[in-house]
Amino acid sequence: MALLLPLIVFIGMYFLILRPQQKRMKERERMVRAAAIGDEVATVGGVIGIIVAVEEGDAVVALEVDEDVELRVQRRSIGEIITKSSDLQDDVASDDVASDDVASDGDDDKNDD
């Protein structure tokens, strides 16, 4: 009976602290592995850039932080993915369609006069 209380406390700590931490670590690992060329990322040090190359067996990435300025960082130093390259392509495509609509609306007004 005296051993039951420490066992219950250990099980409670496992489900309240250790298990959620393991889930967060696995989620972060998946996110870091999913980072690909063209993604805009922020490192844990606060550097924001776009991945332009993957080097040394996928352990190092090159970030373009400004025109003609690239930094090589370890992949594990990526803190978050700000925008995925596929999201950027979708945004550019939707912006092109929107600008075409605006341009065509302006042309219609000129033809009415």
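The values are calculated or read from the model by the stated rules, or taken from the named source; none is laboratory data. Everything numeric here is computed off the predicted structure, so don't read it as measured data. Cβ placement follows ideal geometry from the backbone for every residue including glycine, while neighbour counts extend to all protein chains displayed.
Give me a count of the residues in region 6-57 that are over 18 Å from ILE82 (Cβ atoms) and outside the structural domain of ARG72 (by TED's automatic domain parsing).
Adding up the residues that qualify gives 22.
Mind checking which residues of region 15-47 are touching a Leu at 6+ places or on another chain (Cβ under 8 Å) and closer than 14 Å to GLY79 by Cβ?
GLU40, VAL41, THR43, VAL47
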